[in-house]
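Below is one structure; the comments refer to it alone.
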Amino acid sequence: MKRGHPSKRPRPLTALAADPEGRILELPGFQAVGMAGPEVFIPLTTSDTIVLPYGGELMMLPGRRPVVLDLESGARRILTENPFEPGQPLFAVSAFNSPGYVHAAVSAFVEDTDARILPLFSYDAVGWQDGAFRTPILRVDREPRQDLRRMPRERVVAGVARMRRRMPDNRLRKHLERCALEYGCPAGKNFFLGRYEAPLPTSRVCNARCLGCISLQSGGEIRSSQERIDFTPTAEEIAEVALTHIRRVPNAVVSFGQGCEGEPLLAADVIGPAIRLIRRQTDRGTINLNSNASRPDLLAALLEAGLDSLRVSLNSVRPDVYSTYFRPHGYRFQDVVASIDLALSRGRFVSINYLNCPGVTDAPEEVDALTAFIRIHPIDMIQWRNLNYDPLRYYRAMAAAAPLGPPVGMSRLLGRLQTAFPRLIHGYFNPPKEKWHR
Ligand code: SF4
């Protein structure tokens, strides 16, 4: 691949594709294209992309053919075989970007008729220019909380040994070992490294069936990324892990509601006492709940016990779009809103964990609904999380649920929110109370 110096004039990114062995190929004469919504294709240039940040991974998409722009004819094309090596099949390529970045376009591809659904990752657009992979993403959080360069395995392993000696019988500590060493969970690693935020997975069950649930997939078409916790830790086990973290980490955060569990509100009977045990010992640290916020009645008990902050997962603030993704069982979108209002009324810090996908999140109908929502329910923060789900399957499901007009663009959406709500924090990670800027 050729090297050269960048100039300021926006230049087209060269398209990429993969051969059947998964080798990434540069396709000179063809421009990389991103998908900013259903059938919304945008040619990528150096001005709307950045160099792929450290930790990003490239993926070959089986059963998917790249959509590119032919620079000679100006026509958009679907490449099923290599124009430079006739007969060699080509497959689409995408980038799975690091935390802290919002994707503005996903990889542009068409599916083969027999294509299986893609596993649970985000599939961001990517191209090549000036000797580097470039991708259309926007940075929203600069904190190195999950920067892999700061989490060397040998230090994680040493931390595991230290905690094993310190709390040999604690089953939650043991569960987190698997999270850190086998699943590579950054939150699990941070507990053993004594950094930022520690996870407190507790719940074995959930009352939602999210299309992209990473801890339980029942349909069999997609594999879940990790197994759901198969026991309920005691309040004492939870408090021991939490206090160990809070006592040794400045501005520590401890969080219920992790990828390896169900809905923590459904374990309120053990989480409430755990919070009381922690607060009996210290008022340091931030006790946070990542939740689908489905049960305001159970949340009330946790707020009473001393919960500091709430993060509510939403793919949309439009009930039909929400229900199509979360597939709630025994609750409604209005219950989620009631939980948000309850936490705000108690002066807690409330974030939404906004599962975003260009074309759905920045559909004008969603933008209007979100703006109206924040006016009525003045949340403190939006945590922008790129949706880890097959984008074409997601578009089809969401388009069936509600109108998806021409997207306004993720960058424009962020700009509009910053203008309309100057105090609203945009980021990726649960901030400690020391950084709530209230
Ligand atoms: S709320 Fe969480 S645990 Fe429940 S189905 Fe959705 S992703 Fe899975």
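The values are calculated or read from the model by the stated rules, or taken from the named source; none is laboratory data. Treat the numbers as computed from the prediction; the structure is a model and nothing was measured. Ideal geometry is used to build each Cβ from the backbone, glycine not excepted, and the neighbour counts take in all protein chains shown. Just so you know, the surface numbers come from the protein's heavy atoms only, side chains and all, with ligands and any DNA or RNA stripped out. Shrake-Rupley method; radii C 1.70, N 1.55, O 1.52, S 1.80 Å.
Lacking any other cysteine beta-carbon closer than 4.7 Å, the following Cys residues of the chain have no compatible partner: Cys206, Cys260, Cys357.
Counting only protein heavy atoms and a 1.4 Å probe, the chain has 42 square angstrom of accessible area per residue.
Can you give me the relative contact order of the chain as a percent, contacts being Cα pairs under 8 Å and 6 or more apart?
Values: 929 pairs, mean separation 62.8, N = 438.
RCO, the chain: 14 percent.
For Arg423 and Asn82, the difference between the fully extended length at 0.36 nm per residue and the C-alpha to C-alpha distance is 117.7 nm.
Spacing of the modelled spin labels on Leu181 and Arg116, each 7 Å from Cα toward Cβ, amounts to 3.0 nm. Taking amide H as placed 1.01 Å from N in the peptide plane, the amide H of Gly34 sits under 5 Å from that of Ile42, Leu44, each at least 5 places away or on another chain.
Placing a label point 7 Å from the Cα of Arg247 along the Cα-to-Cβ direction, the residues of the stretch 154-192 whose backbone N falls under 12 Å from that point are 166-167. Placing pseudo-labels 7 Å out from each Cα toward the beta carbon at Arg280 and Tyr54 gives an inter-label distance of 4.4 nm.
Taking the Cα centre of each part, how many Å lie between the stretch 386-438 and the stretch 18-80? Cα centres, the stretch 386-438 to the stretch 18-80: 24 Å. Highest average first, the peptides 383-389, 214-220, 83-89 ordered by how many other beta carbon atoms sit within 10 Å of their residues are 383-389, 214-220, 83-89. Model label sites at Asp368 and Arg416, defined 7 Å from Cα along the beta-carbon direction, differ in position by 1.0 nm.
The separation of the stretch 251-295 from the stretch 319-376, counted between C-alpha centres, amounts to 21 Å. If you take the Cα centroid of the stretch 129-194 and the Cα centroid of the stretch 81-104, the two points sit 28 Å apart. Normalising by residue count, the chain has a Cα convex hull of 149 Å³ per residue.
With each run of n ≥ 4 DSSP H residues scored as -39500 (n - 2.57), what mean residue ellipticity at 222 nm is computed for the chain after dividing by its residue count and rounding to the nearest 500 deg cm²/dmol?
Working: 11 runs with 127 residues, N = 438.
Using -39500 (n - 2.57) per qualifying helix, the result is -9000 deg cm²/dmol.
Summary value for the stretch 2-83: 26 percent relative contact order, contacts being C-alpha pairs under 8 angstrom separated by 6+ residues.
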